[in-house]
1. Taking only pairs six or more apart or across chains, which ones have beta-carbon atoms under 9 Å, a first residue in the range 1-20 that is of a type in the set (Ser, Thr, Tyr), and a second residue that is open to solvent by less than 70 Å² (accessible area, probe 1.4 Å)?
2. Within the range 18-33, count every residue that is aliphatic (A, V, I, L, M) and open to solvent by 40 Å² or more (accessible area, probe 1.4 Å).
3. In the range 1-33, how many are more than 12 Å from the chain's Cα centre (by Cα) and modelled with pLDDT of 95 or more?
4. For the range 34-77: of the residues being over 10 Å from the mean Cα position of the chain (by Cα), of a type in the set (S, T, N, Q) and open to solvent by less than 100 Å² (accessible area, probe 1.4 Å), which is nearest to MET1 (Cα to Cα)?
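The values are calculated or read from the model by the stated rules, or taken from the named source; none is laboratory data. What you see is a predicted model; the values in this text were computed from it and never measured. Cβ placement follows ideal geometry from the backbone for every residue including glycine, while neighbour counts extend to all protein chains displayed. SASA here: full protein model, heavy atoms, side chains in, ligands and nucleic acids out. Shrake-Rupley method; radii C 1.70, N 1.55, O 1.52, S 1.80 Å.
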Amino acid sequence: MQAIARTPLQLGNSIRERRRELGLTQEQLAAKAGVRQRTISDIERSAAARFDTVLRALAALDLELVVRPRTKGSSQDIEKLF
């Protein structure tokens, strides 16, 4: 799985997709990450979540965060961020 996530919604969708690929419920992922099921639900819905908690969820899914220069898109792509 490889996806670009520029918004909290896109990141949440990627986390949900990976969780489902692995056949995990939100409760099972929460147990692996050491958080509550509600926290996983919040992350997947792009609700506010602490950054370290998101990183724990990513690690529990065997995913990593990569920071790199943004690929060039249209001005509409940029407007969607604000």
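1. Short answer, once both residue conditions are applied: THR7/SER46; THR7/LEU81; SER14/ALA3; SER14/ALA5; SER14/LEU63.
2. 2
3. The number of residues fulfilling the criteria is 14.
4. Looking at the filtered set, the residue picked out is THR71.
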